[in-house]
1. Given bins 10 angstrom wide, list per bin the percent of all Cα-Cα distances in segment A:34-97, short to long.
2. Round to a whole angstrom and tell me the spacing of the C-alpha centers of segment A:128-158 and segment A:289-352.
3. Per 10 Å bin, what percent of the C-alpha pairs of segment A:42-180 does each bin hold, from zero upward?
4. Would you calculate the separation in nanometres between label points at residue A:105 and residue A:88, each defined as 7 Å from the Cα along the Cα-to-beta-carbon direction?
5. Given N residues in segment A:89-139, what is its alpha carbon radius of gyration divided by 2.2 N^0.38 Å?
6. Where the convex hull is taken over the Cα atoms of segment B:37-99, what is its projected area averaged over directions, in nm²?
7. Report the FRET efficiency, 1/(1 + (r/R0)^6), for residue A:185 and residue A:239, where r is their Cβ-Cβ distance and R0 is 41 Å, rounded to 0.05.
8. Report the one residue of A:182, A:164, A:25 whose Cα lies farthest in the direction of the positive end of the charge dipole of chain A (charges on C-beta: Lys and Arg +1, Asp and Glu -1; origin at the Cα centre).
Amino acid sequence: MKRALARLCLVIAVCIGLTPLGTTQETADLRAAADEAKPIPILSGGAAFVPTWDSGDPTLVSIVSPVLLVPVSRNLMFESRAEFEGDFVRRNGNSGDFTGAIEKSLEYAEFDYIGNKYITFTAGRFLTPFNIFNERLYPNWIRDTQTDPLIYPIGTGSDNGLMIRGGVSLDPNITLNYAVYFSALSTIHHLESERHAGLRAGLFFPHHRLEIGFSEQHVLQDARVNRLGSYLEWQPARVPFDLRTEGTYSREEGDGLWIEGAYRFRNARASLLHRAQVVARTQVFHVGTVAGINPDLPTIDTRRTEGGLNYYLNDGWKALASYGRTFTAAGNSNIWTVGMTYRFVIPLGPAQ
Amino acid sequence: MKILRAFIFALTIAADVAYAGSAADSPAPISQPATASTPELNLRWMMEGEKRYRTNCGRCHQPPHKFEPRVMATAVRHMRVRGMLTDEDMKYVLYYMTH
């Protein structure tokens, strides 16, 4: 039944996706004007050096994460991101020299085909669109708080398979975005993927800059876990404030919630302050019914609250520092971060 | 599960309130009668592009500055897919960021 439904969805999607749609003269003129600059391949991405002290033990987190974008035709693009991460820790926890290996991973390598204004087809390895952190906020140059949310290991990572997605204006005040995906099991080193079927849908209200959405994911292997998620993002137009929150539930793995607010002093009197942003995040995680089913999650109920400062030196560089406190039944501990992140964009061809 | 149910309920209420609020101040439709590209039209596209840039391009990261036009042409298409922008948003933002 599920399979028949999935096939039906796919057939409908392909039919809608390949239907050419009519356009007005002005839309055609705008398209022609917008298309004047021909896209070229670019190498983009981020780098970060964020030493982190968790319960007193330092880890030198060093990450380089190149993104390669290759436009193939007007509607087809190849995009990929690799990550090289070295988490260097002291040999004896708190003393000795720093050691550690560099972990490599291919986070995505996908072809995106824009079928029409409603549908984009994606094939290859893609970031799992479960809630928003994984797809939208993960790169260090983007995230406002550097540590991963406690619930991040639930339903995220990368998937090898097929996806259809898009953003559709329902009326000038409301935009629907959706992603439906299927993935295959892979245990190949660096290309790991679970067998999933999932859906994420969100409604964005452009005048209020508010988005609300939910995610659902079924793991079609082993314990056949179901995962549910929901999120909200709000950026009031008049105040330089970002509010983001995500909640996730999986009976077996656990459930939790994080909420983060970030205020940028764009309107401060002193111009030096315009580049500063204060951020606070609080979160909770409850363990699920099957201990150890997801080894990346905390093993006991945990709460954590963090506060920090980000300073945007220019369009590419950000300096940051944060302090947080983790609360568990086994004891409380501090978590500190301090560091720099950088975002680069390099044209691989004539850019003018 | 209770937390999640309460959370989803709160989100639904927020969506209702947002939609009820925005329906009142719907802007006039952007599409006008068919015209060829003129300076007035270009100015309107530019203003609409800037508005959509402000609405969309700072949602996930700090809004970026304009890179060279052909770099922007790639990045905005990338963002269309990643950020699930509508086709219209992409065209206006592309126009604004490449002119």
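Just so it is clear, none of the values below were taken in a lab; they were calculated from the coordinates. It should be emphasised that the depicted structure is a prediction, and the values quoted were computed from it without experimental measurement. Positions of Cβ are generated from backbone atoms using ideal geometry, with glycine treated the same way; all protein chains shown enter the neighbour counts.
1. Final binned percentages: 19, 31, 20, 15, 11, 5.
2. Segment A:128-158 and segment A:289-352 have Cα centres separated by 10 Å.
3. 10, 32, 32, 16, 7, 2, 0
4. Taking the simple label geometry, residue A:105 and residue A:88 are separated by 2.1 nm.
5. Dividing the Cα Rg of segment A:89-139 by 2.2 N^0.38 Å gives 1.91.
6. 4.0 nm²
7. Efficiency, rounded to the nearest 0.05: 0.35.
8. About the Cα centre, the residue reaching furthest to the positive side is A:25.
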